[in-house]
């Protein structure tokens with residue numbers, strides 16, 4: 001049996017198909033392009049709401065609406081087979097192609113009950129900082145990670161993250177704890 005090369009990053013690990021073959025990353029990132037288009041609409045609307053309602057109230061309303069939107073998008077996705085941790089891993093593989101080259105990731109650990117990686121470069125953060133809207137960027141892009149862990153992980157996946165590049169940290173630290181997968 002031929003020895004497989006170990007993936008060098010989370011993206012490489014996520015992009016690997018179940019058969020162990022490497023998928024080609026998409027360039028440019030469809031997810032980044034989509035976020036830029038969404039920002040073109042959301043930034044002027046959010047600024048207008050801030051002028052009328054005040055920044056705190058407008059932001060609170062927008063973040064709540066974006067959280068509901070994320071949950072709705074996930075609810076409308078086709079249900080992947082398997083236990084919550086298996087669905088979570090399968091979705092990461094699917095999303096890796098959409099993220100493409102928009103992040104620089106370093107895989108630290110990938111075990112049955114734990115996935116740990118750092119994002120060391122993020123074009124999403126760069127884009128939203130250029131717009132002077134990193135908090136919107138966090139609500140629109142970074143918060144997907146929490147929503148996916150909660151909704152798809154269904155209590156079997158827990159994300160711990162102490163910082164994001166979007167919010168000023170030098171890297172994003174992803175620490176996922178996964179419950180052991182067992183089939184009923």
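The values are calculated or read from the model by the stated rules, or taken from the named source; none is laboratory data. Small disclaimer: the values here were computed from a predicted structure and weren't measured. Please note: Cβ atoms are built from the backbone with ideal geometry, for glycine as well, and neighbour counts cover all protein chains shown.
Yes/no per residue for (1) at pLDDT 95 or above; (2) farther than 30 Å from residue 132 by Cβ:
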residue: 5; (1), (2): no, yes
residue: 52; (1), (2): yes, no
residue: 64; (1), (2): yes, no
residue: 77; (1), (2): no, yes
residue: 82; (1), (2): no, yes
residue: 101; (1), (2): no, no
Can residue 128 be described as modelled with pLDDT of 95 or more and touching a helix residue (DSSP H, G or I) at 6+ places or on another chain (Cβ under 7 Å)? yes
When region 13-35 is examined, which residues are found to be surrounded by 16 or more Cβ atoms within 10 Å (Cβ to Cβ) and either modelled with pLDDT of 55 or more or farther than 29 Å from residue 174 by Cα (or both)? 29, 31, 32, 35
Selected residue (criterion: nearest to the chain's Cα centre (by Cα)) from residues of region 121-132 that are over 13 Å from residue 173 (Cα atoms) and either in a strand (DSSP E or B) or touching a residue at least 60 places away in the same chain (Cβ under 8 Å) (or both): 124
Those residues of region 81-120 that are assigned to a strand (DSSP E or B) and surrounded by 14 or more Cβ atoms within 10 Å (Cβ to Cβ) come to a total of 13
Failed criterion for residue 108 (all others in (1) under 19 Å from residue 148 (Cα atoms); (2) touching a helix residue (DSSP H, G or I) at 6+ places or on another chain (Cβ under 9 Å) hold): (1)
Applying the selection to region 121-150, what residues are crowded, with 20+ Cβ neighbours inside 10 Å and more than 26 Å from residue 40 (Cα to Cα)? 149
Residues located in region 48-63, provided they are loosely packed, with under 15 Cβ neighbours inside 10 Å and under 19 Å from residue 141 (Cα atoms): 60, 61
What pairs can you find where one residue is in region 141-162 and on the phi < 0 side of the Ramachandran plot, the other is surrounded by 16 or more Cβ atoms within 10 Å (Cβ to Cβ) and assigned to a loop (DSSP other than H, G, I, E, B), and their Cβ atoms are less than 6 Å apart, with a gap of 6+ or different chains? 142/164; 142/166; 156/179
Among (1) under 17 Å from residue 33 (Cα atoms); (2) surrounded by fewer than 21 Cβ atoms within 10 Å (Cβ to Cβ); (3) touching a strand residue (DSSP E or B) at 6+ places or on another chain (Cβ under 8 Å) - the single one residue 158 does not satisfy: (1)
Condition check for residue 135: over 13 Å from the mean Cα position of the chain (by Cα) and not in a loop (DSSP other than H, G, I, E, B): yes
Residues of region 64-76 classified as exposed (fewer than 14 other Cβ atoms within 10 Å of the Cβ) and either over 23 Å from residue 175 (Cβ atoms) or in contact with a strand residue (DSSP E or B) (Cβ under 9 Å, 6 or more places away or on another chain) (or both), total: 8
